[in-house]
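First up is the structure itself, then whatever we jot down about it.
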Amino acid sequence: MLDFNPPLSTELNNALNAVLDTAAQIREREEQRDYLGASAIGSECLRKVQFDWMRDSVFPARTRRIFDRGHASEEKIAASFKLAGFELERGTARCEYSTADGSFKGHCDGILHNGPRIGLKFPCLWENKCLGSSGWKKIEKYGLRASYPVYYDQCQLYMAYLGLDENPALFTAENADTCHLLAVLVDFDAAAAQAASDRAAHIIRATRAGELLPRITEKGPDDWRCKMCSHSPYCWSLNH
C-alpha cells in the first residue's frame with residue numbers, strides 16, 4: 001500500500017534551518033546600523049538598547065522572517081492607502097530625522113497629507129506594525145500605550161522631531177493571522193516625547209563614555225525577558 005503520509009525528516013528539517021540561520025547571520029552583519037534608532041528606545045532594558053547599537057545582533061532566520069513580514073505588511077498597507085485616495089509620502093528626507101551628531105536617527109513609515117474624510121486630520125504621521133493575534137487583540141482592548149510602550153514612544157519621537165505634533169498620528173496594526181487591520185489615533189504627548197528623547201540622550205552619553213548601563217534584571221539569564229534577547233549570552237558573560 002502506498003504511504004501518502006511519509007514521516008517528516010528531522011534531519012532535513014534541522015539541516016535546512018541551520019543553513020537559513022547561517023545566511024540570516026551574514027545578512028545581519030551586512031545590515032548593522034551605526035546609530036541608535038527611534039524604534040529601539042522604548043525597550044525597558046537600557047542595556048539591550050545599548051547593545052542593539054554597540055553590538056551585532058544575531059537573529060535566527062525565523063526572526064528575520066518575522067521582520068520581513070512586517071516590512072511586507074507596511075508596503076501592502078501603503079499601497080492600499082494610495083489606492084483609496086490617500087496622499088502618502090514615504091522614503092523622503094521629510095520622513096527622517098537625525099540628531100546628536102548623527103547618533104540618534106529615525107525613519108517613519110510615512111506621512112499622510114490628504115485623503116478621504118474619515119476623521120483624520122492632515123498632515124499626520126503614519127506608523128504600521130504586523131502583529132500576531134494576541135498582540136493585535138491587546139491593542140484593540142487596552143490601546144497602544146498600555147500594550148506596546150515601545151511603539152507608543154516611537155510615534156511620540158517621530159511626531160516631535162518631524163514637526164507632526166499638531167494632529168494625532170495614525171497607527172495601524174495588521175493581524176498576521178487574519179489580515180484584519182486595526183486603526184488607532186495617537187495624540188501627541190509632549191512629556192512622553194521628552195522622556196523618550198532624554199532616554200536616548202542618556203544612552204548615547206553613557207555609550208560614548210564607555211559606561212555599561214544596567215540590565216533590566218539581575219535574576220539571571222533564565223528571566224523570561226533575557227531569554228528573548230539575542231544579547232543574553234554575551235550580557236551574562238560579563239561580571240556586571
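No lab work stands behind these numbers, since they all come straight from the coordinates. What you see is a predicted model, and the numbers here were worked out from it, not measured in a lab. Cβ placement follows ideal geometry from the backbone for every residue including glycine, while neighbour counts extend to all protein chains displayed.
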What residues qualify as long-range amide H neighbours of Leu36, i.e. H under 5 Å apart, gap of 5 or more or another chain, H built at 1.01 Å from N? Phe104, Lys105
Could you name the lysines whose alpha carbon sits less than 17 Å from that of Lys48, not counting residues in the same chain fewer than 8 places away? Lys219, Lys227
Give the residue from Ile66, Pro233, Ala100 lying farthest towards the positive end of the charge dipole for the chain; charges sit on Cβ (+1 for Lys and Arg, -1 for Asp and Glu) and the dipole is referred to the Cα centre. Pro233
Could you check which residue among Asn14, Asn114, Asn167 shows the biggest mean-square fluctuation in a GNM of the chain with a 10 Å Cα cutoff? Asn14
Summing +1 per Lys or Arg and -1 per Asp or Glu among the other residues with Cβ less than 15 Å from Glu140's Cβ gives +3
Convex hull volume of the Cα atoms in the chain, per residue, in Å³? 178
³J(HN,Hα) across segment 129-143 via Karplus (A = 6.51, B = -1.76, C = 1.60, θ = phi - 60°), whole Hz, x for Gly/Pro? 9, 10, 10, x, 4, 5, x, 4, 5, 5, 5, 4, 8, 10, x
Along the Cα→Cβ direction, 7 angstrom out, place labels at Leu185 and Arg69. What is the inter-label distance in nm? 3.1
Highest GNM mean-square fluctuation among Ala195, Ala38, Ala209, for the chain with Cα springs under 10 Å, belongs to Ala209
Give a quick list of trypsin sites (Lys or Arg not before Pro) in segment 172-238 that DSSP marks as loop, anything other than H, G, I, E or B, with at most 11 other Cβ atoms within 10 Å. Lys219
Convex hull of segment 64-135 built on C-alpha atoms - directionally averaged projected area, nm²: 6.5
Please list, in chain and number order, the residues 5+ apart from Cys130 or on another chain whose amide H is under 5 Å from its amide H, with Hs placed from the backbone. Glu174
Could you check which residue among Pro123, Pro214, Pro149 shows the biggest mean-square fluctuation in a GNM of the chain with a 10 Å Cα cutoff? Pro214
